[in-house]
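The values are calculated or read from the model by the stated rules, or taken from the named source; none is laboratory data. Computed from a predicted model, the values in this text were never measured in an experiment. A quick note on method: Cβ atoms are made from the backbone with ideal geometry, for glycine too, and the neighbour counts reach across all protein chains shown.
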Amino acid sequence: MNNLLSVVIITYNEEKNIERCLKSVQSVADEIIIVDSFSTDATEKICMQYKVKFIQQSFLGYIEQKNFALENTSNMYVLCLDADEALSIELQKSIVLQKQNNFMYDAYFMNRCTNFCGRWIKHGYWYPDTKIRLINKQKGKWGGTNPHDKIEMCEKYSSHFLKGDILHYSYYSLDEVITQNNKFTTIQAEAMFKSGKRAPLYKLFINPFIAFVNGYILKLGFLDGVDGFFIASSVAYQTMTKYAKLRKLQ
């Protein structure tokens, strides 16, 4: 029977988010693995109030850290969450139903809804933002390019879509967006450079424009008002900055 589920979460100074995440998985988790990068705030203290396995591991990179967490689970099926995420009530019920059916599929897709400065974003790049987050760990692992990791499955796998959302509490202020963009574009540029990718000059102009049009118009970001405009502009700026940093490296 494959009706046991491990939940894995990586953390670093997540005292304002982690309890919400842990509360949301209580109804679905048979095991909770926390891999912490030596937090200096109350993250560990909060986690230890719940039944978790708390592992401290120096940060290896987003992909590497999440695969390390996968390797430390004892169940075949694993739900992967970030500390600033939580399961909606509907998604909890969907996962419980799959447990009762002994997880008939290898991978489970679900939508992610992001909270931006107190408001849920329902269009543009940020929704539905469908992701694989519950897997048979024998059939998949984390891949992608840091910091934009994603679960990659083997060539032959079965999948199923789950109703409900991952609730993503991403940014509490505009300053956090700017800080995160700067951090992530540096990581992206370095990862791209190491993989042999290069940035011709035209990408600094064309790609940001395409990114804005795609997010604000084609993906209906304008329906989220000023927030939608800021998000589309932020993605465009992030695109330009990423290629600018890559050109500096080359």
Subject >> ASN13 vs. criteria surrounded by fewer than 21 Cβ atoms within 10 Å (Cβ to Cβ) and either in contact (Cβ under 8 Å) with a residue 40 or more places away in the chain or over 24 Å from SER170 (Cβ atoms) (or both) >> reply: no
Subject >> Options GLN56, GLN65; residue that is exposed (fewer than 15 other Cβ atoms within 10 Å of the Cβ), touching a Phe, Trp or Tyr at 6+ places or on another chain (Cβ under 7 Å) and not aromatic (Phe, Trp, Tyr) >> reply: GLN56
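Find the residue count for segment 39-53, including only residues that are touching a strand residue (DSSP E or B) at 6+ places or on another chain (Cβ under 9 Å) and surrounded by 13 or more Cβ atoms within 10 Å (Cβ to Cβ).
First, pick out the residues of segment 39-53 that are touching a strand residue (DSSP E or B) at 6+ places or on another chain (Cβ under 9 Å): 39, 43-44, 47-48, 50-53.
With the extra rule that they be surrounded by 13 or more Cβ atoms within 10 Å (Cβ to Cβ), the set shrinks to 39, 43-44, 47, 50, 52-53.
Total satisfying the criteria: 7.
Just need a number here: residues in segment 156-189 that are assigned to a helix (DSSP H, G or I) and either loosely packed, with under 12 Cβ neighbours inside 10 Å or of a type in the set (S, T, N, Q) (or both). Write out each step before concluding.
Looking only at segment 156-189, we keep the residues that are assigned to a helix (DSSP H, G or I), and these are 174-189.
Now drop any that are not either loosely packed, with under 12 Cβ neighbours inside 10 Å or of a type in the set (S, T, N, Q) (or both), which leaves 175, 179-183, 185-186, 188.
Looking only at that region, the number is 9.
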Original post:
Which of the residues spanning segment 218-229 are surrounded by 20 or more Cβ atoms within 10 Å (Cβ to Cβ) and of a type in the set (Gly, Ala, Ser)?
Top reply: GLY221, GLY228
**OP:** Write out, first by first residue and then by second, each pair whose Cβ atoms fall under 8 Å of each other, whose residues are 6+ apart or on separate chains, and whose first residue, in segment 119-139, is farther than 18 Å from ILE95 by Cβ and touching a residue at least 12 places away in the same chain (Cβ under 8 Å) while the second is of a type in the set (Asp, Glu) and surrounded by fewer than 20 Cβ atoms within 10 Å (Cβ to Cβ).
**Re:** ARG119/ASP227; ILE121/ASP227
Original post:
Among the listed residues LYS219, LYS203, LYS245, LYS194, which satisfies the condition of being in contact (Cβ under 8 Å) with a residue 60 or more places away in the chain, within 19 Å of ASN182 (Cα to Cα) and of a type outside the set (A, V, I, L, M)?
Top reply: LYS245
Original post:
Taking into account only those residues within segment 95-118 that are touching a residue at least 40 places away in the same chain (Cβ under 8 Å), assigned to a helix (DSSP H, G or I) and hydrophobic (A, V, I, L, M, F, W, C), which is surrounded by the fewest Cβ atoms within 10 Å (Cβ to Cβ)?
Top reply: VAL96
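Here's the yes/no breakdown for (1) surrounded by 15 or more Cβ atoms within 10 Å (Cβ to Cβ); (2) in the same structural domain as TRP126 (by TED's automatic domain parsing); (3) in contact with a strand residue (DSSP E or B) (Cβ under 9 Å, 6 or more places away or on another chain):
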residue: PHE193; (1), (2), (3): yes, no, no
residue: ALA199; (1), (2), (3): yes, no, no
residue: LYS203; (1), (2), (3): yes, no, no
residue: PHE209; (1), (2), (3): no, no, no
residue: TYR216; (1), (2), (3): yes, no, no
residue: ILE231; (1), (2), (3): yes, no, yes
residue: GLN238; (1), (2), (3): yes, no, no
Subject >> ILE46 out of contact with any Phe, Trp or Tyr (no Cβ under 9 Å at 6 or more places or on another chain) and farther than 27 Å from ILE187 by Cα >> reply: yes
Original post:
Taking only pairs six or more apart or across chains, which ones have beta-carbon atoms under 7 Å, a first residue in segment 36-50 that is among the aliphatic types (A, V, I, L, M), and a second residue that is surrounded by 14 or more Cβ atoms within 10 Å (Cβ to Cβ)?
Top reply: ALA42/GLU15; ILE46/GLU15; ILE46/ILE18; ILE46/GLU19; MET48/PHE54
**OP:** Give the residues of segment 140-182 that are in contact with a Gly (Cβ under 9 Å, 6 or more places away or on another chain) and either at pLDDT 90 or above or farther than 27 Å from ILE89 by Cβ (or both), sorted by residue number.
**Re:** ASN146, PRO147, ASP149, LYS150, ILE151, GLU152, MET153, CYS154, TYR157
Original post:
Out of segment 119-138, which residues are in contact with an Asp or Glu (Cβ under 8 Å, 6 or more places away or on another chain) and surrounded by 17 or more Cβ atoms within 10 Å (Cβ to Cβ)?
Top reply: ILE121, HIS123, GLY124, ILE135, ASN136
Original post:
Quick check: anything in segment 84-103 touching a strand residue (DSSP E or B) at 6+ places or on another chain (Cβ under 9 Å) and on the phi > 0 side of the Ramachandran plot?
Top reply: yes
